[in-house]
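Each reported figure results from applying straightforward, stated rules to the coordinates on display, with no laboratory input. Since the model is a prediction, treat every value here as computed from it, not as a measurement. Neighbour counts are summed over all protein chains in view; Cβ atoms, including those assigned to glycine, are modelled from backbone coordinates with ideal geometry.
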Amino acid sequence: MEQYAKSRRVAVIDSCGMTTLGLQHLFSALEGGIYKLRFFSSGQVWFSQCGHQSYDIVIYSVAGGRYSRQQSGHFLSRLAAALPETKRVLLAENERQASFIQPLLPVALHAVLCQSSSMEQLGAQIHSVMKQEHRQTLVQGTNAHGLSPTERRILHYMGRGYSTPEITAQMGRNIKTIRAHKFNVMSKLGVKSDAWLICAADVLDYLPLPLTNGA
């Protein structure tokens, strides 16, 4: 119990009201209220209000829809640069989303939590993160996607609502080539639907668009 005697400052970046309510309930039940919790509707709001204040842990939720996914890489990389000692935690809807998004992020994380986990599991994970004070145990992105410039451009256009024929026109390729590239991206990411490709496009929004159409 001695290691939890000091209050812990926790910031939660969350655009979804239901997630906020759940986390409030979770933290109020942990260790007699040693956590001081503050919520922010977006990463931009967090940086504008207290981006250089000291927090023990910042939890970024990607459970609130496409905007939260699109901003995840931008926010977490900026957080790592500004406050490298602050623990970075991703909150996903479930294990499938967590395992898909985490390797696509530009920085390592201290933990990945899932809304689908039980309250007991989430509480144990949070305590485990806090114990990492003197030994950083990071969940490192593997960069396993290995996407080519052409594949990234296709994801970029998909994320902005372009159809396959429209992507074909934008990139000056024939439709069979574009479909083949989409199949390759699905194979690399381990998915089988356009919905997951759009999810990947959202998370990879932090990457600059390649200037060429080379493979």
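Each peptide in 7-13, 179-185, 159-165, 74-80 receives the mean, over its residues, of other Cβ atoms within 10 Å, and ordering these scores from highest gives 7-13, 74-80, 179-185, 159-165. Put simply, when 109-116, 93-100 are sorted by average Cβ atoms within 10 angstrom per residue, most first, you get 109-116, 93-100. For the chain, just say rounded, prolate or oblate: build the C-alpha gyration tensor, square-root its eigenvalues into a ≥ b ≥ c, call rounded for a/c under 1.5, and beyond that prolate if a/b exceeds b/c, oblate if not. Because a/c hits 1.5 or more and a/b exceeds b/c, the chain counts as prolate. For the chain, relative contact order (Cα pairs under 8 Å, six or more residues apart, normalised by length) works out to 19 percent.
Rounded to the nearest 0.05, the FRET efficiency derived from the C-beta distance between residue 195 and residue 7 at R0 = 35 Å is 0.25. Per-residue Karplus couplings for segment 86-98, computed as 6.51 cos²θ - 1.76 cosθ + 1.60 with θ equal to phi - 60°, are listed in order as 6, 6, 9, 10, 9, 10, 10, 5, 7, 5, 4, 5, 4 Hz, Gly and Pro entered as x.
Against the chain, whose longest principal axis is taken from its Cα atoms, helix 194-203 shows a tilt of about 60°. Estimated from helices alone, the mean residue ellipticity of the chain at 222 nm is -14000 deg cm²/dmol (sum of -39500 (n - 2.57) over DSSP H runs with n ≥ 4, per residue). Of the residues 24, 70, 170, the one that moves most in a GNM of the chain with alpha-carbon contacts below 10 Å is 170. Around the amide H of residue 108, modelled in the peptide plane, lie the amide H atoms of 141, all under 5 Å away and 5 or more residues distant in sequence or on another chain.
An ellipsoid equivalent to segment 54-95, defined through the eigenvalues of its Cα gyration tensor, has semi-axes of 19, 12, 7 Å when rounded to whole angstrom and sorted largest first. Amide H contacts of residue 87 (H built 1.01 Å from N, in plane; Pro and chain starts excluded): 57, 58 sit under 5 Å, all sequence-distant by 5 or more or on other chains. For residue 45 and residue 160, the difference between the fully extended length at 0.36 nm per residue and the C-alpha to C-alpha distance is 39.0 nm. With only Cα atoms counted, segment 18-94 has Rg and Dmax values of 12.6, 35 Å. Listed by chain and number, the lysines whose C-alpha is less than 29 Å from the C-alpha of residue 176, apart from same-chain residues fewer than 8 away, are 188, 192. For the chain, the longest principal axis of the alpha carbon atoms and the long axis of helix 149-159 meet at an angle near 70°.
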